[in-house]
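To start, the structure under review is shown below, and the notes come after it.
The values are calculated or read from the model by the stated rules, or taken from the named source; none is laboratory data. Since this is a predicted model, take the numbers as computed values, not measurements. A quick note on method: Cβ atoms are made from the backbone with ideal geometry, for glycine too, and the neighbour counts reach across all protein chains shown. Accessible surface areas use protein heavy atoms only, side chains included; no ligands, DNA or RNA. Shrake-Rupley method; radii C 1.70, N 1.55, O 1.52, S 1.80 Å.
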Amino acid sequence: RTLPLPPPPPPPLSPPSCRNLSLGGGLLLLLAECRAEVRRVFAGVPSLGHQSSPKHLLQLGGRVLLVLMFMTLLHFDLSLLSVLQNLVGTALMVLVAVGFKTKLAALTLVVWLFCINVTINSFWTVPSYKPTHDFLKYDFFQTTSVIGGLLLVVAMGPGGVSMDEKKKEW
């Protein structure tokens, strides 16, 4: 008699793990918003300039983790619509990750992701007794959470560790 082997573990950056990491990015952004800045500047003492605070690093980490969600939406088909979706999504992901025109790129991603979420994860069109209903519902609300994280980026801005902030110093 032989025992059946367990299924192999999923790859480290499989779509479910990327989505969970992107939810963590939204939580990091929320933590950065709640974190208070402590200024340690004394009158008459020269400062060393802008230093990266933990709040700015949390915002950077949150932005990068939110972008992982879009890696799960890439389709490797050769249709024109799929290639266009991949190019636009990748360009917007890079803009949010590096912090260049972050608010505009994040707002565009919110609209883009909302449209994709409503069309692809439409769990309300599937009868509730089918297992697909639960999977689509899970994906829908997880994607909605990422939209909330991107709205935090729109509201708070990119943070201190970004191209937008470096442009202000030049």
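Under the condition of being open to solvent by less than 30 Å² (accessible area, probe 1.4 Å) and either modelled with pLDDT of 90 or more or among the basic types (Lys, Arg) (or both), the residues counted in the stretch 89-104 number 0.
So that you can scan it fast, the table gives a plain yes or no per residue for (1) open to solvent by less than 50 Å² (accessible area, probe 1.4 Å); (2) more than 26 Å from Leu57 (Cβ to Cβ):
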position	(1), (2)
Leu109	yes, no
Ile116	yes, yes
Ser122	yes, yes
Lys130	no, yes
His133	yes, yes
Lys137	no, yes
Gln142	yes, no
Val146	yes, no
Gly149	yes, no
